[in-house]
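Undergrad: Once you've had a glance at the structure underneath, I'll fire off some questions.
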Amino acid sequence: MNDVILKLNNVTAGYQNGPDILKSVDLTLKKGEIKCIIGPNGAGKSTILKAIAGILRPRNGNVLFNDRDLVGLEAYEIMRQGICFLPQDRALFDTLNVSENLWMAGYTLHDKKELKLRIEEVLTVFPILKKRLSQYAGTMSGGEQQQLIFARAIILKPQIMLIDEPSLGLAPSIVEQAFKHIEEIALTGVSILLVEQNARRGLSSSHTGVVMDLGQVVFEKDAKEVLNDERIQELYLGKRKSK
Amino acid sequence: MIYILQIIILGLCLGLVYALMATGLTLIFGVMRIVNLAHPIFILCGAYVAYWLFVLYGLDPILAIPIAAIVCGVLGAIVYKLVFEKDAGSQKYSEMTVLLTFGTAMILDGTLSFFFKNTQRVTSPSYATDAFFIGDIFLPTAQLYSGLVSLSLIVALALFLKFSTLGVAIRATSLSRVNAELVGINVKFVCLFSFILGCALAGCAGSLVSFVFSFFPAKHFEWIAVLMSLVVLGGMGSILGAVTAAILLSVLASLVGTFLAPSWSTMVFFLALFVILLIRPQGMFGKYLS
Amino acid sequence: MTNSKYLVPLLALLMLTMFPLVQFFSNQNYIIHLLLYAFFYIIMTSSWNIIGGYGGFISIGHNAFLCVGAYVAGYAAVRYGISPFYLIGLSGLVAGIFGFIVGLITLRVKGPSFIISSIALIMIMRIVFDHWDLVGGASGITLPFNSLPVQWSKLPHYYSFLFLALAAIYLNWYVRHSKFGLALRAVSHDETRSAVAGINVKMIKVTAFALSAFLIGSAGAVWADYLTYIRPNMFLVILIAANIVLMVILGGKGTVTGPIVGTVIFILFNEIILTFFGATELNILLTGLLLVITLLYFPDGIVGSLKNKNILPKFLDWG
């Protein structure tokens, strides 16, 4: 649990010619850890994930993955190193069916037999998908799409998964299921960096919580402590008034 | 009756050539979302390569296909590096990109015109004047050969896209660029490769065109509209669609050409374009769910 | 400072109005030709700018309306003996109505589809006019010469074009600063949002298109008389449309003065090429090269780029 797998040093990033969205952010992620980033809108939560995944190129600082700097690599190269990014809008190939989506996920695997095995393995984890193999991804429900996204990611056996808003647009019971999957994935040794608007739900599945505001990390603590911290509750979790 | 059948078969052969002319265009549009108005001029470049190889060295235009493909592919790579590389990186399509391709077409048009003037040319290999007779049906050899070669090239392309790794990457990129990148596809490389492949296909088509149609540099303006009508009718980015549209419209055009007047036949393509826009305005960007 | 904003254009206008007086002293027909040619293209670029610049619909087929205007005037001149100058309004009107109908069909699509449909329009018209015996088919119509002495023969065209160019520039300015223009620019950004904001998207687009067709059609009548013969292959070639697009982009699309600056510079550039290289196919090459370089390095055009850097001379800053 203690070896650091991802380390952000002094990362500054922004969009095109706009202002800096991230201002000198430092962050670490350990093996098998689930880390949840919370904070108000515009705090730069999603931007961190994009900066790590290479969709946005940091202006300054470095992103060390197993002590190798990722800054400057293209998104596909970073992905091939073993970092999977799951964006908010569930980047699925809408006009391909489930089976084709899974095959496409394994595009970088050259051993097709291995890929076939892994797909079968994933289908036992997500049995619903097995029934929908020939359905177009775009026509499935939000929950099913979410499962397909997870399935697609774990086929590649990544070391890190970056998940942006897994609960977005899902019914409460489906949200529960999604977080159960996230916890299970982490148990297999995958590190997960999570951004979640539903802060309480996100933190309760995580090991550590990071609070961000105005592009900076305000503080970082054990997820339980963040949940119980009076000040945090007041500022970011919407503390309930007296019982 | 035999007469009509004959016209249809001739239209079919020409349709296959048109289809090959359109596939490169569709491919580039699918992957890069660029409507390449310079595509027809690449076809012309291919035609000139085949023409001069035939005139100077007596090389059969069908055998000249690989050379024309390489020449056009290299030309495509140069044009891509100089003109489109910057734009290919941006996700957002802009009208300006179309104008860029138009400017490129004018540059190549001017260059070809400068060297070859406005002389009408046609390659005339020995079989250009031959014909097969099947019963009463008369089949000019040139049309038959060009149709068959086009068909086999299109099939080869389809197999490549269906089964090869790069082909899969091309299809994924044309479905969604972001997603392709997220599953680890080098999108920039796929764009470059598709552009070169598209231009090489234009070169192949050019070799065939060189003995089917007579050509001169300004001819490409006419082809722009003809090819666009095929691509729009077929649903932008769909190769199967473009091939179907090509065969359909070409048969129709040869019927019109026979019963009305030959010079009216291209009208079919242009009118088709308008009609599609009229009844299905989402035309080219309409979703083509399988 | 504000004075120079009005002073320079007024001075230029005064000089252009008085220029034909030099004919009393020496025959400067070539310069007059160049000037009226520039006016002619300013009419077309300014009109194109209404739909292409503010509306964002890039048409590579606007010469279709020039053709319609020229043929209406040319046909009436030959058949009924009416001078094309009396038919400027009618030619414009017919071209405008034609533009309205075409717009109803083609403006339903955006972006590349629209560009392609505009090319198809010229192709269709070319075939139709080539086969239309009533208007002379491919050999076209020959108009009667005017009976003025050589020295003065170009002046009716000179002043008509000057007047029409002023009208086109004014219309451009009006569209830029009116509510109609605001709606048009809103539509070019996002049609759905504009519709939600209560804009009649379809009417706005089609009206702007018809308006630009109207002006170009009017110019067509004068142009027909100036050329004295009209043939489909003189009007319905993509090169004319390409020149229009290039001029506007060179000057800066979506600005009032951009089309004027672009036209003047392009015509000068063309003259220089003609002087040094003669009339060769290199013209097409250089036009294409200029288009590509402008698009790659100065996509906002001369006026747009200067404006971005805040160094646009006052007299060019009309919005």
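The values are calculated or read from the model by the stated rules, or taken from the named source; none is laboratory data. All values reported here derive from a predicted model rather than from experimental measurement. Glycine gets a Cβ as well: all are built from the backbone with ideal geometry, and neighbour counts include every protein chain shown.
Undergrad: Please count how many residues of the stretch C:71-94 are surrounded by 22 or more Cβ atoms within 10 Å (Cβ to Cβ) and free of Cβ contacts under 8 Å to residues at least 24 places away in the same chain.
TA: Matching residues across the stretch C:71-94 total 0.
Undergrad: Which count do you get for residues in the stretch A:80-124 that are over 19 Å from B:E181 (Cβ atoms) and hydroxyl-bearing (S, T, Y)?
TA: Counting residues in the stretch A:80-124 that are over 19 Å from B:E181 (Cβ atoms) and hydroxyl-bearing (S, T, Y) gives 2.
Undergrad: Sort through A:I182, A:I174, A:I154, A:I192 and tell me the only one that's surrounded by 15 or more Cβ atoms within 10 Å (Cβ to Cβ) and within 14 Å of another protein chain (Cβ to nearest Cβ).
TA: The unique qualifying residue is A:I154.
Undergrad: Further, regarding this structure: Inspect all residues belonging to the stretch C:288-299 and state whether any of them is among the hydroxyl-bearing types (S, T, Y) and closer than 18 Å to C:L164 by Cβ.
TA: no
Undergrad: Please state which of the following conditions C:D133 fails to meet, knowing it meets all the rest: (1) under 23 Å from C:L87 (Cβ atoms); (2) surrounded by 14 or more Cβ atoms within 10 Å (Cβ to Cβ); (3) within 14 Å of chain B (Cβ to nearest Cβ).
TA: Status for C:D133: all satisfied but (2).
Undergrad: Mind checking which residues of the stretch A:33-67 are within 14 Å of another protein chain (Cβ to nearest Cβ) and more than 15 Å from the chain's Cα centre (by Cα)?
TA: A:L56, A:R57
Undergrad: Here's a follow-up. Name the single residue, out of those in the stretch A:68-94 being more than 7 Å from chain B (Cβ to nearest Cβ) and basic (K, R), that is farthest from A:K45 (Cα to Cα).
TA: Among those residues, the one meeting the criterion is A:R68.
Undergrad: Which condition from (1) under 17 Å from C:G55 (Cβ atoms); (2) within 14 Å of chain B (Cβ to nearest Cβ); (3) surrounded by fewer than 18 Cβ atoms within 10 Å (Cβ to Cβ) is the one that C:I101 breaks?
TA: Among (1) under 17 Å from C:G55 (Cβ atoms); (2) within 14 Å of chain B (Cβ to nearest Cβ); (3) surrounded by fewer than 18 Cβ atoms within 10 Å (Cβ to Cβ), C:I101 violates only (1).
Undergrad: Taking the stretch C:224-240 as the search range and keeping residues that are hydrophobic (A, V, I, L, M, F, W, C) and surrounded by fewer than 24 Cβ atoms within 10 Å (Cβ to Cβ), which one is farthest from the other protein chains (Cβ to nearest Cβ)?
TA: Out of the qualifying residues, it is C:L227.
Undergrad: Is it the case, given these coordinates, that B:G237 is assigned to a helix (DSSP H, G or I) and either of a type outside the set (S, T, N, Q) or touching a residue at least 12 places away in the same chain (Cβ under 8 Å) (or both)?
TA: Spelling it out, it is not the case that B:G237 is assigned to a helix (DSSP H, G or I) and either of a type outside the set (S, T, N, Q) or touching a residue at least 12 places away in the same chain (Cβ under 8 Å) (or both).
Undergrad: I'd like the full set of residues that are under 16 Å from C:M125 (Cβ atoms) and in a loop (DSSP other than H, G, I, E, B), limited to the stretch B:256-277.
TA: Within the stretch B:256-277, B:T266 is the sole residue that qualifies.
Undergrad: Please pick out the residue among A:Y107, A:Y136, A:Y76 that is more than 17 Å from the chain's Cα centre (by Cα) and modelled with pLDDT of 85 or more.
TA: A:Y136
Undergrad: Residues in the stretch C:38-45: is at least one aromatic (F, W, Y) and exposed (fewer than 15 other Cβ atoms within 10 Å of the Cβ)?
TA: Scanning the stretch C:38-45, I find no residue that is aromatic (F, W, Y) and exposed (fewer than 15 other Cβ atoms within 10 Å of the Cβ), so the answer is no.
Undergrad: List the helices (runs of 4 or more DSSP H) that sit entirely inside the stretch B:1-116 and contain at least 2 residues that are more than 19 Å from the chain's Cα centre (by Cα).
TA: Helices (runs of 4 or more DSSP H) meeting the threshold: B:2-32, B:39-57, B:85-89, B:95-116.
Undergrad: Let me ask something else about it. Among the residues of the stretch C:266-313 satisfying the criterion of being polar (S, T, N, Q) and in a helix (DSSP H, G or I), which is surrounded by the fewest Cβ atoms within 10 Å (Cβ to Cβ)?
TA: Ranking the candidates gives C:T275 first.
Undergrad: Does C:V150 satisfy the criteria of being of a type in the set (V, I, T), closer than 18 Å to B:F221 by Cα and surrounded by fewer than 17 Cβ atoms within 10 Å (Cβ to Cβ)?
TA: When the stated conditions are applied, C:V150 does not pass them.
Undergrad: Sort through A:E33, A:E114, A:E77, A:E100 and tell me the only one that's over 23 Å from A:S167 (Cα atoms), buried (at least 16 other Cβ atoms within 10 Å of the Cβ) and among the acidic types (D, E).
TA: A:E100
Undergrad: Which numbered condition in (1) out of contact with any strand residue (DSSP E or B) (no Cβ under 9 Å at 6 or more places or on another chain); (2) at pLDDT 85 or above; (3) more than 24 Å from A:K31 (Cα to Cα) is the only one that A:L214 fails?
TA: Going through (1) out of contact with any strand residue (DSSP E or B) (no Cβ under 9 Å at 6 or more places or on another chain); (2) at pLDDT 85 or above; (3) more than 24 Å from A:K31 (Cα to Cα) one by one, A:L214 breaks only (1).
Undergrad: Another question about this same structure. Would the stretch C:14-28 turn up any residue that is exposed (fewer than 15 other Cβ atoms within 10 Å of the Cβ), part of a helix (DSSP H, G or I) and touching a helix residue (DSSP H, G or I) at 6+ places or on another chain (Cβ under 9 Å)?
TA: yes
Undergrad: Scan (1) more than 14 Å from chain C (Cβ to nearest Cβ); (2) touching a residue at least 24 places away in the same chain (Cβ under 8 Å) for the single condition B:H220 breaks and write down its number.
TA: (1)
Undergrad: Determine whether A:L27 is under 20 Å from A:T208 (Cβ atoms), modelled with pLDDT of 90 or more and surrounded by fewer than 21 Cβ atoms within 10 Å (Cβ to Cβ).
TA: Against the criterion (under 20 Å from A:T208 (Cβ atoms), modelled with pLDDT of 90 or more and surrounded by fewer than 21 Cβ atoms within 10 Å (Cβ to Cβ)), A:L27 qualifies.
Undergrad: Consider B:F193 carefully, then state whether it is surrounded by fewer than 24 Cβ atoms within 10 Å (Cβ to Cβ), assigned to a helix (DSSP H, G or I) and more than 7 Å from chain A (Cβ to nearest Cβ).
TA: yes
Undergrad: Same structure again: Within 9 Å of another protein chain (Cβ to nearest Cβ) and in contact with an Asp or Glu (Cβ under 8 Å, 6 or more places away or on another chain): which single residue out of C:P84, C:P112 fits that description?
TA: Unique residue meeting the criteria: C:P112.
Undergrad: State all residues of the stretch A:51-64 that are closer than 15 Å to A:L8 by Cα and either of a type in the set (S, T, N, Q) or in contact with a strand residue (DSSP E or B) (Cβ under 8 Å, 6 or more places away or on another chain) (or both); if no residue qualifies, say none.
TA: Once the filter is applied, which keeps residues that are closer than 15 Å to A:L8 by Cα and either of a type in the set (S, T, N, Q) or in contact with a strand residue (DSSP E or B) (Cβ under 8 Å, 6 or more places away or on another chain) (or both), the stretch A:51-64 yields A:A51, A:I52, A:A53, A:L56, A:R57, A:P58, A:R59, A:N60, A:G61, A:N62, A:V63, A:L64.
Undergrad: Within the stretch B:153-179, can you find the residues that are assigned to a helix (DSSP H, G or I) and within 11 Å of another protein chain (Cβ to nearest Cβ)?
TA: Passing the criteria: B:T165, B:L166, B:V168, B:A169, B:R171, B:A172, B:T173, B:S174, B:L175, B:R177, B:V178, B:N179.
Undergrad: What is the residue count in the stretch B:106-125 for residues that are more than 7 Å from chain C (Cβ to nearest Cβ) and either under 18 Å from C:I115 (Cβ atoms) or among the polar types (S, T, N, Q) (or both)?
TA: 5
Undergrad: Suppose the filter is of a type in the set (G, A, S) and within 26 Å of C:I240 (Cα to Cα); does B:S113 pass it?
TA: In short, yes.
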